[in-house]
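Chemist: To start, I am sharing the structure in question, which I have written as structure tokens.
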Amino acid sequence: MKARGDTNPAETTSSTAPPSDAVPLPAREKPVWIRTRAYSHASHYAAVSALLREKGLVTVCEKAACPNKGECFGRGTATFMIMGKQCTRHCPFCNVQHGIPDKPDESEPERLAEAVVLLRLAHVVITSVTRDDLPDGGAEHYARCIRQIRAQSPKTGVEVLTPDFRHCAPDAIRILGSALPDVMNHNVETVPRLYPAVRPQASYTHTLSFLRQFRETYPAVPTKSGLMVGLGERDEEIIAVMRDLHANGVSMLTIGQYLSPSPHHLPVARYVPPETFSLLERIAHDIGFSRVTAGPLVRSSYHADTQACRSDEEETGTKAPHPSATTLSP
């Protein structure tokens, strides 16, 4: 019997890979499976929105035009975006504003931790704009946020979705070691052939190196990454990226459909059907990933609480308490 990850790449591509012509729809037509859920917990949505305004916090749910905002806010949770609203990079797929950012707000870590307490979150995801203007890329600000959450809500799991720290990765990894998260997430986003068009200021090899270095330095912390599909990649390229990620120590993976935020962003090249996502998820498990979430509306932090919980169960062999995200009183 073959162990996970021992499959022949040629066998995998020919026998289990989704067909490369699996998308019959024109890019500008949204298929029936691209539907966001109309969530019924309106009181939770309003409460989360009010709390974010009260604490002066920003979420990637709003700034990146995430299609799952209604569901996540309705469940009483959000993915917090720290260090401002302006990103120093200008990726043509991303809805976050590009510009000259302000200095990080020193009160933000405390306000963030207070929000985590009030939401009674069992698991929180913290992401940020890219801060190439800072010597440490914002790593110390991440660490301060983690320390504040640990102090005010010690039972909350903390996942960080960081930029690549391209110009300061060794320092950033060292700084994050002073306040380690429970999950370290950095997205590869797309296949290497498309990096010049999709992530022109980033490097595929650096992304893999950063994930590998973090995992080697802190082997107890699982690493996670995410892929968008529908940008013009081929299915065999997706599988090759999954193999690269696994070879560099990544154990958790998300795969979702790219949706163009506006006519000014990169267009959608194809819509990948749900059955193809199911096949990609199966292939990822065969490669050796411990946790995989794949689907048209999946994003990096979508149901991250459940994914982290299940990862803990599989790695320890014990059943971890299931985090309840619906925590706000009506």
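The values are calculated or read from the model by the stated rules, or taken from the named source; none is laboratory data. The model shown is predicted, which means the values in this text are computed figures rather than measured ones. Counting neighbours? That spans all protein chains shown, and the Cβs are built from the backbone with ideal geometry, glycine included. Accessible surface is based on the protein model in full, side chains and every heavy atom, while ligands, DNA and RNA are left aside. Shrake-Rupley method; radii C 1.70, N 1.55, O 1.52, S 1.80 Å.
Chemist: Can you give the alpha-carbon Rg of segment 198-282 over 2.2 N^0.38 Å, where N counts its residues? Spell out each step's value before the answer.
Modeler: Numbers: Rg = 14.2 Å, N = 85, 2.2 N^0.38 = 11.9 Å.
My calculation over the Cα atoms of segment 198-282 gives 1.19.
Chemist: Excluding residue 113 itself, what net charge comes from residues whose Cβ is under 12 Å from its Cβ, given Lys and Arg +1 and Asp and Glu -1?
Modeler: That sum, taken over residues with Cβ under 12 Å, equals +2.
Chemist: Rounded, prolate or oblate for segment 161-248? Axes are the square roots of the Cα gyration tensor eigenvalues, ordered a ≥ b ≥ c, and the cut-off for rounded is a/c under 1.5.
Modeler: prolate
Chemist: Separate question: Take peptides 232-245, 133-146 and line them up by average Cβ neighbours within 10 Å, highest first, as a rough protection proxy.
Modeler: Top of the packing list down: 133-146, 232-245.
Chemist: Could I ask something else about it? Probe of 1.4 angstrom, ligands and nucleic acids ignored: what's the accessible area per residue over segment 182-248, in square angstrom?
Modeler: With all protein chains present, segment 182-248 gives 33 Å² per residue.
Chemist: Report the local net charge at residue 165: Lys and Arg +1, Asp and Glu -1, summed over other residues whose C-beta lies under 10 Å from its C-beta.
Modeler: That works out to -2.
Chemist: Right, another one. How much net charge surrounds residue 300 when only the other residues with a Cβ under 12 Å from the Cβ of residue 300 are counted, with Lys and Arg +1 and Asp and Glu -1? Display every interim value, and only then the final one.
Modeler: Working: positive: 224, 299; negative: 159, 189.
Taking every Cβ under 12 Å from that of residue 300, the sum is 0.
Chemist: Which log10 I(q)/I(0) values, to two decimals, does segment 113-230 give at q = 0.21, 0.22, 0.23 Å⁻¹ under the Debye formula with one point per Cα?
Modeler: -1.18, -1.26, -1.34
Chemist: Give me the percent of the accessible area of segment 166-250 that comes from carbon and sulfur atoms, probe 1.4 Å, all protein chains in place.
Modeler: Of all accessible area on segment 166-250, carbon and sulfur atoms account for 52 percent.
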